[in-house]
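Novice: Here you go, one structure.
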Amino acid sequence: MRKNLSYSISSRMRAAVYQAPRNISFEEVETPRVGPCDVLIRVTVCGICGSDVHSYKTGLYIQARQIMGHEFMGLVAAVGEDQRAEEGHRLGR
């Protein structure tokens with residue numbers, strides 16, 4: 001049984017968006033939709049990975065308008081119908 005969270009999922013979220021080498025903007029973007037195999041995470045803390053720094057400096061392994069980041073912790077905010085995760089569950093250490 002999935003429990004209801006005390007907050008709703010906004011249609012917009014803040015993100016670090018890569019523009020070009022050494023150029024990142026912080027923008028409001030559309031919150032991803034949750035498909036049947038997806039889990040949406042409400043990020044509570046994040047870090048910067050060395051590969052993100054390399055991409056930021058050189059433009060390698062990244063495309064313009066790509067949302068950066070993959071080192072984060074948070075709470076499960078929404079769960080696709082084919083997933084077993086529970087809303088509210090903490091992810092990360």
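The values are calculated or read from the model by the stated rules, or taken from the named source; none is laboratory data. All of these numbers come straight from a predicted model, not from anything done at the bench. Cβ atoms come from the backbone with ideal geometry, glycine included; neighbour counts cover every protein chain shown. In case anyone asks, the SASA skips ligands and DNA or RNA and just uses the protein heavy atoms, side chains included. Shrake-Rupley method; radii C 1.70, N 1.55, O 1.52, S 1.80 Å.
Novice: Once ligands and nucleic acids are excluded and a 1.4 Å probe is used, how much of Arg42 is accessible, expressed in Å² to the nearest 10?
Specialist: That residue has around 90 Å² of solvent-accessible surface.
Novice: Moving on. Would you compute, from DSSP H runs of 4+ residues alone, the mean residue ellipticity of the chain at 222 nm, taking -39500 (n - 2.57) per run and dividing by the full residue count, rounded to the nearest 500?
Specialist: Using -39500 (n - 2.57) per qualifying helix, the result is -2500 deg cm²/dmol.
Novice: Suppose every Lys and Arg Cβ carries +1 and every Asp and Glu Cβ carries -1, with no other charges. What dipole size does the chain come out with about its Cα centre, to the nearest 20 debye?
Specialist: My answer is approximately 200 debye.
Novice: While we're looking at this one, here's another question. Ordering Val34, Val29 by how much accessible area each has at a 1.4 Å probe, largest first, what is the list?
Specialist: So the residues, ranked largest to smallest area, are Val34, Val29.
Novice: Working out 0.36 nm times the residue gap between Gln83 and Arg22, then minus their Cα-Cα distance, what length gain in nm do you get to one decimal?
Specialist: 18.2 nm
Novice: For Thr44, what accessible area in Å² do you get when you roll a 1.4 Å probe over the heavy atoms of the protein chains, rounding to the nearest 10?
Specialist: 90 Å²
Novice: Suppose accessible area is computed on protein heavy atoms with a 1.4 Å probe; arrange Val45, Val17 from highest to lowest.
Specialist: Heavy-atom accessible area, descending, gives Val45, Val17.
Novice: Here's something else I'd like to know. Per residue, how big is the convex hull around the C-alpha atoms of segment 3-93? Give it to me in cubic angstrom, could you?
Specialist: Normalising the Cα hull of segment 3-93 by residue number yields 109 Å³.
Novice: Let me ask something else about it. Considering only protein heavy atoms, with the full assembly of protein chains and a 1.4 angstrom probe, order Tyr56, Tyr61, Tyr18 by accessible area, largest first.
Specialist: Per-residue accessible area, sorted high to low, gives Tyr61, Tyr56, Tyr18.
Novice: Another question about this same structure. Pick out which of Leu60, Leu40, Leu75 has the largest mean-square fluctuation in a Gaussian network model of the chain, springs linking Cα atoms closer than 10 Å.
Specialist: Result: Leu60 has the largest fluctuation of those listed.
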